[in-house]
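A.B. asks: The structure under discussion is supplied below as structure tokens; questions concerning it will follow.
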Amino acid sequence: MNSRKASGRGVEEFPGTGEVSAVLNDSSRRAWVYSSVFALLVSIYFSWRLLPLRAMPESGREVRERPGLLAALSQRPDFTLGFQNVLADVAWLEAVQVAGNLKMALADYDRLYELLNVEANFDPKFDIPYLLGGLVLGESPDHTQKALEVFQRGKREFPTDWRFPFYIGYTSYFSIGETEAAGNAMAEAARLPGSPEYLPGLASRMLSEAREPGAALAMLETIVRQENDPARRAVLDRRIREVTVERDLQMLERAVEKYREKTGTIPAVLSALVSEGILSALPTEPNGGNYLLAQGGKVRSDRVSQRLRVFQRK
């Protein structure tokens, strides 16, 4: 029997090739559908696993979700059957949700750090989590070292990207007060391709300037002008408001001390500083709140619960 037959296109084919191709195409489509459904189910499952347990109305207690299976899998990404990117996205979406809390607690910062590590284990070449996650962690005085760890990990993955030593310098200066480390990191960033022209000057200022809020604000305003990412810019804007509050509090407390030296007493209200001619006007609280005179001549903002430690006198 002839093993081949003429096709309608004038080309000989093995018998049944059309049928086999149709079956193979159908099998490929089904395999694609099954893979997509599996990916969706995996995403749903891990999203559910990642959602932290919220406070229960009847108990009033909050229970933190442990890293669990996803964190364990991130240590061995080869075991994820090719779904590293899917799981990385799940971890990153949860990290964004945690970082979006208006009032983050210490547990939220801990959770964010865990999720950033999980995401980086699955997808180490995604730069945004290092940059944004490190900036958010740096807002917590108790998590500045973890912020530096995140930036350092990003720097290892992207050794020619000037943004990583840049934000290492930013965190070292504005969160820890290590002016020498900050200046050296900024100088390193200035040597990398594509870095802004102002970085060498910024590095020298960090190495020479005292930790004064006024000088810090001038540098912050320079930094925020070069940042085009809206999320990172929002973090920088928050830091500008924090430093502005600290600058105003220090200025008002110095004015209160002058009032005490002049009159022998502490003013009853801050407006007395203007009435006595010590200040021409009271500063405006940048968060929409008010500056209040506290016991012993200290001044506080009714919108900021904790002053920036980095600018406190030692």
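A.B. asks: With labels modelled as points extended 7 Å from the Cα through the Cβ direction, what inter-label distance (nm, one decimal) is found for THR222 paired with ARG191?
C.D. replies: According to this spin-label approximation, the distance is 1.9 nm.
A.B. asks: Quickly rank 118-127, 93-102 as a protection proxy: mean count of other C-beta atoms within 10 Å, highest first. Walk me through the intermediate numbers first.
C.D. replies: Values: 118-127: 19.1, 93-102: 16.9.
Per-residue mean Cβ counts within 10 Å order the peptides as 118-127, 93-102.
A.B. asks: For a quick protection proxy, order the peptides 161-168, 135-142 by their average other-Cβ count within 10 Å, most packed first. Before the final figure, lay out the partial values.
C.D. replies: On the way: 161-168: 23.8, 135-142: 21.2.
Highest to lowest by the protection proxy: 161-168, 135-142.
A.B. asks: Where Lys and Arg each count +1 and Asp and Glu each count -1, what net charge lies around VAL224 among other residues with Cβ under 10 Å from its Cβ?
C.D. replies: +1
A.B. asks: Determine the gain in length on full extension of the stretch LYS298-ASP229; use 0.36 nm per residue of separation and subtract their C-alpha separation, reporting nm with one decimal.
C.D. replies: Working: separation 69, 0.36 × 69 = 24.84 nm, distance 3.73 nm.
Using 0.36 nm per residue and subtracting the Cα-Cα distance, I get 21.1 nm.
A.B. asks: Please list 175-182, 105-112, 194-201 highest first by mean number of surrounding beta-carbon atoms within 10 Å per residue. It would help to have the intermediate numbers written out before the result.
C.D. replies: Numbers: 175-182: 19.0, 105-112: 17.5, 194-201: 14.6.
Descending mean neighbour count gives 175-182, 105-112, 194-201.
A.B. asks: For segment 255-311, build the charge dipole from Cβ charges (+1 Lys, Arg; -1 Asp, Glu) around the Cα centre, then report which of ALA281, GLN306, TYR259 sits farthest towards its positive end.
C.D. replies: So the residue furthest toward the plus end is GLN306.
Every read-out reported here was derived from the displayed coordinates using simple, explicitly stated rules and does not represent laboratory data. Model, not experiment: these values are computed from the prediction. Virtual Cβ from ideal backbone geometry, glycine too; neighbours counted across all protein chains shown.
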